[in-house]
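A quick write-up on the structure given underneath.
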Amino acid sequence: MHENGTASTDHPDLSAFENVDFSEAEARDVVVVGTGPAGWTAALYTARADLNPLIFMGPEPGGQLTTTTDVENYPGFPDGLLGPEMMDRFQEQAEKFGTESRYGTVTHVDFRERPYRLLIDEETPVYAQTVIVSTGASARYLGLENEQRLIGKGVSACATCDGSFFRGETVAVVGGGDSAMEEATFLTKFADTVYLIHRRDELRASKIMQQRAFENDKIEFVWDTEVIDVLGDNAVEGIEVINNETGETSVMDDVTGFFLAIGHTPNTGPFEGWLDMDENGYILTEGATTYTNQPGVFAAGDAQDDEYRQAVTAAGTGCKAAIDAERWLSEHGTIEVPRAEPDRTPVEA
Ligand code: NAP
């Protein structure tokens, strides 16, 4: 309530909730949103704490790791394992202890008061006493005219997924960070030539990753250059670029694969206006905890971390979110779910 006693309207639009009947909506103590390493770990821990978590798998079940091949840096797996297999194991372990997992995307939330209201796929109502947001991040695209149309036809944001289609061909990678170095280096396993196109003349990538790329004969650096369009009808048949120094445009017509490695955008759209975020949409958490500005709402994984972005760090924050949620619930308790009064009108004989 405002000081003058009127109800606060200082919250995002709630019109999506207008025609949804919550009177018999399912109610949970913990709802986990997103199934990357953070989400499954949060589910595992809250399940083992007997909190009966419900987890929603979202549009990309398993998250970014399902688009990678070998994961060699997850501790405890000295021989590495495949990203999708790793996420299957996370799921199996979380479910073994009682996690209930469901397909569906949390599209709207109402965090005005507890129990919080969630809409799954715009229509299915769920009440949650606490929410753990682990929605991850998605690869960014440049927004070029023909880019989206050619996704899967030569345009890709995942070298590990699509690199093998370009055996013996010439591909281009855009970006100057660690991802770009990693993807370019990986692509040399298949492609004969990998152009690494960067908009500046200095890389953002760590020294070791730069070094690896510089030492690779198949990688050709194209500095001070931006891609302005991707060419081709049903497959990539070249890219159009502009040199930022000279302003000259040209076409690289030998490029048949176009890979984006320009960072990620957090999948935090449904929480905008409810949770405090940085200027890039990453959820802000309090100190070393997973507390958001909203009581009983916790954030973990890449949705709140644009710095480390590792499976192991995501799993770590998922664990913290579960412990935070458990302690928060034992301190604050649950709030009774509003239910419609049963209809006691006598039935006419
Ligand atoms: P990043 O470090 O943010 O780098 C993004 C790159 O894309 C930058 O070089 C940036 O150029 C460029 N870029 C962004 N928008 C662009 C645009 N519109 N047009 C052209 N270029 C654009 O992202 P990242 O490489 O994905 O790495 C993210 C984090 O993950 C980092 O902390 C990184 O260390 C980590 N990571 C680690 C590893 C590893 O250690 N194995 C592997 C991958 C990622 P500017 O430089 O000009 O801004």
Checklist outcome for this item: With label points set 7 Å from each Cα along the Cα-to-Cβ direction at SER23 and ASP343, the distance between them in nm comes to 0.7 nm
Item to check | Listed peptides 76-89, 300-313 by packing density, highest first (mean Cβ within 10 Å) | outcome: 300-313, 76-89
Item to check | Surface per residue (accessible, 1.4 Å probe) for the chain, Å² | outcome: 52 Å²
Checklist entry - Each residue of region 235-250 in order: what ³J(HN,Hα) in whole Hz does its phi give by Karplus 6.51 cos²θ - 1.76 cosθ + 1.60, θ = phi - 60°, with x for Gly and Pro? => result 7, 5, 10, x, 9, 9, 10, 10, 8, 5, 7, 9, x, 6, 9, 7
Checklist outcome for this item: SASA check, LYS189, accessible area w/ 1.4 Å probe, all protein chains in place, rounded to nearest 10 Å², comes out at 140 Å²
Item to check | Solvent-accessible area of THR225 with every protein chain in place, 1.4 Å probe, in Å² to the nearest 10 | outcome: 10 Å²
Item to check | Span per principal axis, largest first, for the Cα atoms of region 7-63 (Å) | outcome: 38, 25, 21
Checklist entry - Over all Cα pairs of region 141-260, how is the pair count split among 5 Å bins, expressed in % and running from 0 up to the last occupied bin? => result 2, 13, 25, 26, 21, 11, 3, 0
Checklist entry - Over region 135-222, what percent of the accessible surface lies on carbon and sulfur atoms, probe 1.4 Å? => result 44 percent
Checklist entry - Binned at 10 Å from 0, what are the whole-percent values of the Cα-Cα distance distribution for region 92-203, short to long? => result 11, 28, 21, 21, 17, 2
Next on the checklist: I need the phi-derived Karplus couplings for region 225-234: 6.51 cos²θ - 1.76 cosθ + 1.60, θ = phi - 60°, integer Hz, Gly and Pro marked x.
Outcome noted: 10, 10, 8, 10, 6, 9, 10, x, 8, 10
Checklist entry - Rounded to the nearest 10 Å², what accessible area does GLU122 show when all protein chains are kept and the probe is 1.4 Å? => result 110 Å²
Checklist entry - In the chain, what % of DSSP beta bridges are antiparallel (nearest 5)? => result 45 percent
Item to check | q = 0.09, 0.12, 0.15 Å⁻¹: log10 I(q)/I(0) that the Debye formula gives for the chain, counting C-alpha atoms only | outcome: -0.58, -0.91, -1.20
Checklist entry - Roughly how tilted is helix 37-48, in degrees to the nearest 10 and between 0 and 90, from the longest Cα axis of the chain? => result 30 degrees
Checklist entry - Counting only Cα, what are the radius of gyration and maximum Cα-Cα distance Dmax of region 28-175, in Å? => result 18.1, 58
Checklist entry - How are the Cα pair distances of region 242-346 distributed, in percent, across 5 Å bins from 0? => result 2, 10, 14, 14, 12, 8, 8, 8, 7, 6, 4, 2, 2, 1, 1, 1, 0
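The values are calculated or read from the model by the stated rules, or taken from the named source; none is laboratory data. Treat the numbers as computed from the prediction; the structure is a model and nothing was measured. Counting neighbours? That spans all protein chains shown, and the Cβs are built from the backbone with ideal geometry, glycine included. Accessible surface is based on the protein model in full, side chains and every heavy atom, while ligands, DNA and RNA are left aside. Shrake-Rupley method; radii C 1.70, N 1.55, O 1.52, S 1.80 Å.
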